[in-house]
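Reading through the structure tokens given below for one structure.
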Amino acid sequence: MVHPLRSALSLFTCCCFMTMASASSSGIGLVMADGEVQINGADVPGNSAMFPGNLVATVNSNSSLQFSDGTRAVMNPGAKMTVYREHSVLLQGVAMQQGLDRHAVVADNLKISSTSPNTAVLVAIQDATHFEAASQEGEAEVWAPTGELVARLEPGKALSFALQPEAQSTTAQTVVSQINACGALQGDFTLKNASSADIYQLQGSNLNAYVGKSIQVKGKVISAPSASRKVVLVESIEKVRHPCQAAEPGHGAVAPAATTTAAAAAAATIGTKTGIILVSVLAGSGAVAGVAAADVSSGSSRPAVTPSTP
């Protein structure tokens, strides 16, 4: 009788350990908070495991999320985020995330990611079709669900995104084309093309190195009939030693748009397969301006977290 009992107890103990190990391995990280925090609508302790598909909601204090791949995020009070193994979906409020090369953030169906390590981005949801984003460190890209590049986020600049479904945007005739322009890059990253007098607003990496220089730039132009200037997503850029050749009178030159300062907002209307996206530069205002990332410190690196069951 003793041996069957021991066998039964051993089998029960083994099953318990296997269940606990399985639950732990399926976890994707930890949520840590000094105040109230909820997972799937239920109050949880200050340190609790997260699992794929969990809805994490902060109540009255910041919450820090540590993912098992080393990604870290800070959610402001009132924020809501659904977490998965390879990305998170911000549904409400403001959140900062570092580690976009491993773990993307989705806001209003647009994916924010990066190829650079330790890139930190601040995202603020306004409603189901509007959000703001700003890079705090490194450069990030914003992608449409269909794979089109919408914008690049550069450190120190905040962008606002407004989404309009295709069914509501039939009157917005968006034009996407390629350009090869030459001119002097201004401090607000605008360039007047010497051959046509068109003024372009450039978006790309390391543009500061070319300010005040004559450059040759190739890229994708995105514009709309109502746009005062075209936005160019830079694909290649190089300095030129010779001055760019100006257009001759009567040979297709057009009047330049009104000059703006670096603080002025540039806007672009981008057409995608799912609808129209209006991207504009925030001039020192908006929900993302002045928001501090409490626990995300630049350049720091923490080991990956192995979550435990709550």
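The values are calculated or read from the model by the stated rules, or taken from the named source; none is laboratory data. In this text the structure is predicted, and so the values were computed from the model without any measurement. So basically every Cβ, Gly included, is an ideal-geometry build from the backbone, and we count neighbours across all protein chains shown.
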Residue check, Asn109 polar (S, T, N, Q), at pLDDT below 95 and at positive phi: yes
Residue check for Leu163: within 30 Å of Val106 (Cβ to Cβ), modelled with pLDDT of 85 or more and crowded, with 17+ Cβ neighbours inside 10 Å: no
Thr146 being in contact (Cβ under 8 Å) with a residue 40 or more places away in the chain, surrounded by fewer than 18 Cβ atoms within 10 Å (Cβ to Cβ) and more than 28 Å from Gly46 (Cα to Cα): yes
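In segment 51-71, how many are of a type outside the set (S, T, N, Q), crowded, with 17+ Cβ neighbours inside 10 Å and in contact with a His (Cβ under 9 Å, 6 or more places away or on another chain)?
Here is the first cut: in segment 51-71, the ones of a type outside the set (S, T, N, Q) are 51-53, 55-57, 59, 65, 67, 69-70.
With the extra rule that they be crowded, with 17+ Cβ neighbours inside 10 Å, the set shrinks to 51, 56-57, 65, 67, 70.
Remaining after also requiring in contact with a His (Cβ under 9 Å, 6 or more places away or on another chain): 67, 70.
Summing the residues that are of a type outside the set (S, T, N, Q), crowded, with 17+ Cβ neighbours inside 10 Å and in contact with a His (Cβ under 9 Å, 6 or more places away or on another chain) in segment 51-71 gives 2.
Can you tell me which of Ala194, Ala209, Ala227, Ala184 is at pLDDT below 65, outside the structural domain of Val123 (by TED's automatic domain parsing), surrounded by fewer than 20 Cβ atoms within 10 Å (Cβ to Cβ) and hydrophobic (A, V, I, L, M, F, W, C)?
Numbers: Ala194 fails: at pLDDT below 65; Ala209 fails: at pLDDT below 65; Ala184 fails: at pLDDT below 65.
After applying the criteria, what remains is Ala227.
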